[in-house]
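Trainee: My questions will all concern the structure given below.
The values are calculated or read from the model by the stated rules, or taken from the named source; none is laboratory data. The structure presented is a predicted model; accordingly, all values stated were derived computationally and were not measured. Cβ placement follows ideal geometry from the backbone for every residue including glycine, while neighbour counts extend to all protein chains displayed. Heads up: the accessible areas ignore ligands, DNA and RNA and are worked out on the full protein's heavy atoms, side chains in. Shrake-Rupley method; radii C 1.70, N 1.55, O 1.52, S 1.80 Å.
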Amino acid sequence: MMNFDKIKEAVNSIEMSKTMKSRVKKNCNIIEKKNNFKGRISVACAFGILLSIMIGIPLFNKNGNFQGANFAITAYALSNDGNQSNTKLSSDKATFELSTETRGITIDRTGDTGGLIFTNIMLNISGEHIDSITYTINKGKFLEDVILTAKEYADKDWLLSEKIVTIGNSPGSDIYSATKDIGNTYTVKYNEQDKYKYSFVIHHDGNLVIDDDIIIKVIIKYTDGKSEQQDIIVTQESNSIESKSISLKLN
């Protein structure tokens with residue numbers, strides 16, 4: 001039978017937070033009690049636990065239970081009727097209907113928007129002791145919704161420098177809603193997520209068919225300086241945009 005005291009000694013020799021050490025030891029005690037009269041835990045399993053700890057894979061949540069990431073990712077999508085749906089992402093596919101409502105006039109002078117599908121999907125993180133979140137997409141861009149004044153709208157050089165992609169407004173209004181190209185990566189403070197509206201656009205092949213290896217990488221930085229990563233896989237439900245939907249799932 002595996003010597004659980006040896007596991008605890010090994011845990012003590014690994015550099016990690018006191019909280020994580022106590023959780024690992026506690027779970028060893030639980031496993032030891034459960035297996036005292038029922039079989040034995042395999043050496044490979046115990047080694048895998050220690051190896052995962054050493055390379056930084058999170059094994060336990062705040063309650064000491066085995067799990068993946070210590071944070072949740074929720075995707076929000078705005079439909080044509082103005083209703084907003086939200087889904088907490090998991091390893092199962094979550095499908096979102098793409099809004100067909102125009103976001104305004106695409107202004108080519110501020111950058112190339114050809115070959116891109118606008119998703120109107122926003123992401124939000126929930127968890128504890130999180131300092132900031134960094135998103136990176138490998139085949140696409142992130143957009144920020146912004147408001148422009150009539151003066152800003154009239155300044156073509158400023159629009160170019162700010163990488164404004166689309167502009168639209170209501171008839172007779174001097175306020176313009178616009179989207180700003182912020183590139184394939186951005187970072188936002190955890191407690192400032194509600195201050196901004198970020199969505200993403202994805203590349204297609206010219207026939208509105210997206211690649212099958214689009215990934216959004218999410219890196220969480222905690223207040224203690226540690227970080228954690230989770231990947232989101234973006235797929236299309238058919239080989240035609242006629243489906244007007246894409247799916248997201250955690251890798």
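Trainee: Mind checking which pairs have a first residue in the stretch 89-105 that is within 30 Å of Ser170 (Cα to Cα) and modelled with pLDDT under 90 and a second that is among the aromatic types (Phe, Trp, Tyr) and not in a loop (DSSP other than H, G, I, E, B), Cβ under 7 Å, 6 or more apart or different chains?
Mentor: Arg103/Phe118
Trainee: Could you list, in sequence order, all residues of the stretch 170-183 that are part of a loop (DSSP other than H, G, I, E, B) and either open to solvent by less than 70 Å² (accessible area, probe 1.4 Å) or among the basic types (Lys, Arg) (or both)?
Mentor: Ser173, Ile182, Gly183
Trainee: Checking Ile233 against (1) free of Cβ contacts under 8 Å to residues at least 60 places away in the same chain; (2) open to solvent by less than 60 Å² (accessible area, probe 1.4 Å); (3) more than 23 Å from the chain's Cα centre (by Cα), which test does it fail?
Mentor: All conditions pass for Ile233, except number (3).
Trainee: Collect the residues in the stretch 130-169 that are outside any strand (DSSP E or B) and surrounded by 13 or more Cβ atoms within 10 Å (Cβ to Cβ), keeping them in residue-number order.
Mentor: Asn138, Lys139, Glu152, Tyr153, Asp155, Trp158, Leu159, Leu160, Glu162, Lys163, Asn169, listed by residue number.
Trainee: Something else now. Give the residue that is least open to solvent (accessible area, probe 1.4 Å), with candidates limited to residues of the stretch 184-228 that are farther than 24 Å from Ser245 by Cα and among the polar types (S, T, N, Q).
Mentor: This residue is Gln193.
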